[in-house]
Amino acid sequence: MVAFHASALDGLARNPALPAPLLLRLLAFDGGGDGPPRHALQRAGLPEAAVAVILAHPNPGARIDFAQSTTAEPAQRARLADDPSPTVRAALAYGPAWHGQRTRVAPLPDGVCARLLEDPDPSVRTALLDSPHLALSFVASLATHRDPAARRSAARAWERLSPDERSALLADPDPEVRRAAALWECRRDARVTAELLRDPESAAEALRRGLLHRADAERCVAERTHLAALAENPSLPTDLVEQLAVDPDEAVRLAVSLRPELGETRRMTIDFTVGAFDRGNVEWVRDGLADPEVLRRAATSAHPLLLRTAAQSPHLPPDLLCLLARTEDPMVEDLLGVHHPDTPEEVLMRVYARLGGTFSAWMAETHPRFPREGLAARYADHPDGNYRRLAVRDPAATPALIERLSHDPAVWTRQAAVGDPRLPLPRLREALHVPELASSAGANPALPEDEMAAVLDRAGVPA
């Protein structure tokens, strides 16, 4: 297949105006062994006829792509639970391998997960237990499963388990299950913490989260055992916290500076360093991203990592959102642009201006609040093509301007213009045959149906 025919076909797979008969024709395509374009298989709102074509597709790669769709309904994907290929079933069990920060993946029904956990192929069972998309109700139901790996996973739902289930996991015959259970139970049982400290594989985690006997804490400080982890421990006595606050190890001091009980004045007297690109993943703030009190404490702090963690909350109230938008911390701005639905336009534009073609800039540009009006007047003649591309977003941009930008020296600007439905039809038809523009032209919703059919014909898609 000629490369630009393949590109036009890939664009057509993304085209929201693709009629159902042409979509079904595209989905049935074998693609020379590669299957149909992934975008066709992962379109939102696929009709039942399209789902039926995918489920029966002879190419397992097509079924895998559908199994990993972030837009398909769980009940639709679940119909692959009986697929003859274990690779397809494993893809279904794990779910989407990548999804955007603004995308929420609905879990498969518990009953389907239970069937996949009984799959005869071990790769399917492993993929299911490794999945980040399982409902907590299903995870909790694994506490009495005969498979030790499943029982070990059940510990992730510790707070949902009954006292009897917790006791059973703590006394499980499998040592890995016992360790996973103990790492949860140690948060309220110092005796369990003391036992975990004797296990090199669990000592650091137990020191970070477990309820500590003072003697164990003193010994770890004296022996300098996992001090950065110990410095996070909620039960660490105050005098030992103060001792670690002046520790020669910078990582230890930084960990102390992030403790939730510290007042702001004390926090900022600690000598710590935060890198310009340190994202911030402070656990007590991450756990409270929907808690107004936690958010207020973090967002009004002067500590960069508390601010950056708070900026990952979509629940920031307007006053805290405005406060963070004025921090002049580029990392805070990036995170607001990714996570908050009401990020101010000026913040999104600063992220875009600073980061160019990066993921964060793309997230800013695709944000619902990214500006549109006035961009043509401001940027159509900008010396930087990355800005000229923004002119295409303006509802007031004329067809003549869109056509002009479709000949722009910068390829990204040309592609954006060619994908715009205001592009005059002769130029759109021409762009279908230009290698770097064919994909954008194929995705243009103004492409006439006869031209869409011609794209399929030229790419060798059977009628």
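Numbers below:
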quantity: Candidate set: the range 391-418, residues that are of a type in the set (D, E, K, R) and either farther than 18 Å from ASP10 by Cα or assigned to a loop (DSSP other than H, G, I, E, B) (or both); chosen: the one nearest to the chain's Cα centre (by Cα); calculated: ARG393
quantity: Residue list for the range 419-435, restricted to those being more than 29 Å from the chain's Cα centre (by Cα) and within 21 Å of ALA6 (Cβ to Cβ); calculated: LEU428, ARG429, GLU430, ALA431, LEU432, HIS433, VAL434, PRO435
quantity: Yes/no for PRO371 being of a type outside the set (Asp, Glu), open to solvent by 70 Å² or more (accessible area, probe 1.4 Å) and in a loop (DSSP other than H, G, I, E, B); calculated: no
quantity: Residue list for the range 145-179, restricted to those being over 13 Å from LEU117 (Cβ atoms) and among the hydroxyl-bearing types (Ser, Thr, Tyr); calculated: SER162, SER167
quantity: Lone unmet requirement of (1) open to solvent by 10 Å² or more (accessible area, probe 1.4 Å); (2) more than 24 Å from HIS382 (Cα to Cα); (3) part of a helix (DSSP H, G or I); (4) touching a helix residue (DSSP H, G or I) at 6+ places or on another chain (Cβ under 8 Å) for ARG350; calculated: (2)
quantity: Conditions (1) under 21 Å from the mean Cα position of the chain (by Cα); (2) open to solvent by less than 60 Å² (accessible area, probe 1.4 Å); (3) farther than 17 Å from THR343 by Cβ; (4) without any contact (Cβ under 8 Å) to a residue 40 or more places away in the chain: number failed by ALA311; calculated: (3)
quantity: Output for the range 325-347, where each listed residue is part of a loop (DSSP other than H, G, I, E, B) and not hydroxyl-bearing (Ser, Thr, Tyr); calculated: ARG326, GLU328, ASP329, HIS340, PRO341, ASP342, PRO344
quantity: Qualifying residues in the range 193-235 (those that are open to solvent by less than 10 Å² (accessible area, probe 1.4 Å) and part of a loop (DSSP other than H, G, I, E, B)) - the one farthest from VAL177 (Cα to Cα); calculated: ALA231
quantity: Hey, ALA376 surrounded by 15 or more Cβ atoms within 10 Å (Cβ to Cβ) and more than 18 Å from the chain's Cα centre (by Cα) or not; calculated: yes
quantity: Test: residue in the range 166-179 that is without any contact (Cβ under 8 Å) to a residue 24 or more places away in the chain, of a type outside the set (Lys, Arg), assigned to a loop (DSSP other than H, G, I, E, B) and open to solvent by less than 40 Å² (accessible area, probe 1.4 Å); calculated: no
quantity: Residues being farther than 19 Å from ARG297 by Cβ and among the hydroxyl-bearing types (Ser, Thr, Tyr) - total across the range 239-274; calculated: 1
quantity: Verdict on GLU250 being acidic (Asp, Glu), touching an Asp or Glu at 6+ places or on another chain (Cβ under 9 Å), free of Cβ contacts under 8 Å to residues at least 24 places away in the same chain and surrounded by fewer than 20 Cβ atoms within 10 Å (Cβ to Cβ); calculated: yes
quantity: Every residue from the range 29-48 that is hydrophobic (A, V, I, L, M, F, W, C) and in a loop (DSSP other than H, G, I, E, B); calculated: PHE29, ALA44, LEU46
quantity: Residue that is part of a loop (DSSP other than H, G, I, E, B) and within 30 Å of the chain's Cα centre (by Cα), where the choices are ARG259, ARG297; calculated: ARG259
quantity: First in the range 418-432 and without any contact (Cβ under 8 Å) to a residue 60 or more places away in the chain and under 15 Å from ASP408 (Cα atoms), second anywhere and outside any helix (DSSP H, G or I) and open to solvent by 40 Å² or more (accessible area, probe 1.4 Å), Cβ under 8 Å, 6 or more apart; calculated: LEU423/ALA446; LEU428/ALA446
quantity: Options ARG104, ARG146, ARG179; residue that is among the charged types (D, E, K, R), out of contact with any helix residue (DSSP H, G or I) (no Cβ under 7 Å at 6 or more places or on another chain) and modelled with pLDDT under 95; calculated: ARG104
quantity: Restricting the range 388-436 to residues that are closer than 27 Å to ALA459 by Cα and among the basic types (Lys, Arg), the residue that is surrounded by the most Cβ atoms within 10 Å (Cβ to Cβ); calculated: ARG414
quantity: ALA245 farther than 26 Å from PRO148 by Cβ and modelled with pLDDT of 95 or more; calculated: yes
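Every residue, every condition in (1) in contact with a Lys or Arg (Cβ under 7 Å, 6 or more places away or on another chain); (2) surrounded by 21 or more Cβ atoms within 10 Å (Cβ to Cβ); (3) at pLDDT 95 or above, yes or no:
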| residue | (1), (2), (3) |
| --- | --- |
| ARG63 | no, yes, yes |
| ALA72 | no, yes, no |
| ALA93 | no, yes, yes |
| VAL112 | no, yes, yes |
| ARG115 | no, no, yes |
| GLU118 | no, no, yes |
| LEU134 | no, yes, yes |
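The values are calculated or read from the model by the stated rules, or taken from the named source; none is laboratory data. Note that the coordinates shown come from a computational prediction; the quantities given were computed from them, not determined experimentally. Backbone-built Cβ (ideal geometry, glycine too); neighbour counts: all protein chains shown. The area values use the complete protein model at the heavy-atom level, side chains included, leaving out ligands, DNA and RNA. Shrake-Rupley method; radii C 1.70, N 1.55, O 1.52, S 1.80 Å.
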